[in-house]
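**Student:** Before we start, here is the structure in question, set down as structure tokens.
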Amino acid sequence: MEREDRKAAISAYKKREDAVGIYAVRCIASGQAWVGRALNLDAIQNRLWFTLDHGSCTAKSLQAAWREHGPASLTFEVLERLEPEETAYIRDAILKERLAHWRATLGAEAV
């Protein structure tokens, strides 16, 4: 890769916006669901699975489902992607409202 091409690729990577939104984790074996919000939907599953694998997930019921049924029984899905907002305050308020909506809709616990 040429130096200019590499610099352009790095610049484009730095300018990209992370996908913000709401996600769900479901246990096929037990029927349980958990809903969470993320400032980077593209990275949240890896982070969550890492914490579950190391036994350090703060959602105790999700950690218990991971231990009891194994990672193969858990699914991850993006429920909603939000449009980029001008300020973090507005983004956080919208995330909070949408998280409450999806938790009530799915009867899910928080991640």
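Quick note: the coordinates plus some simple rules give every number you see, no bench work behind them. Every value quoted in this text rests on a predicted model; they were computed, and no experiment measured them. All Cβ positions, even for glycine, are placed from backbone atoms using ideal geometry, and neighbour counts span all protein chains on display.
**Student:** For a Förster distance of 35 Å, can you work out the FRET efficiency between the beta-carbons of SER56 and ALA88, rounded to the nearest 0.05?
**Tutor:** Efficiency, from the Cβ-Cβ distance: 0.85.
**Student:** Over the chain, what portion of Cα pair distances is larger than 17 Å, expressed as a whole percent?
**Tutor:** 60 percent
**Student:** Rounding to the nearest 20 debye, state how big the charge dipole of the range 18-110 is about its Cα centre with +1 on each Lys and Arg Cβ and -1 on each Asp and Glu Cβ.
**Tutor:** 320 debye
**Student:** How much length, in nm to one decimal, is gained on full extension between ILE28 and ALA8, taken as 0.36 nm per residue of separation minus their Cα-Cα distance? Could you put the intermediate results ahead of the total?
**Tutor:** Values: separation 20, 0.36 × 20 = 7.20 nm, distance 4.35 nm.
Taking ILE28 through ALA8 to full extension adds about 2.9 nm, to one decimal.
**Student:** Hey, what do the phi angles of the range 83-96 turn into as Karplus ³J(HN,Hα) couplings, whole Hz, using 6.51/-1.76/1.60 and θ = phi - 60°, x for Gly and Pro?
**Tutor:** 6, x, 10, 5, 10, 5, 4, 5, 4, 5, 5, 5, 4, 4
**Student:** Next question, about the same structure. For ALA104, put the label point 7 Å out on the Cα→Cβ axis and report which residues of the range 16-51 keep their amide N under 13 Å from it.
**Tutor:** Within reach of a label on ALA104, which here means backbone N under 13 Å from a point 7 Å along Cα→Cβ, the range 16-51 contributes nothing.
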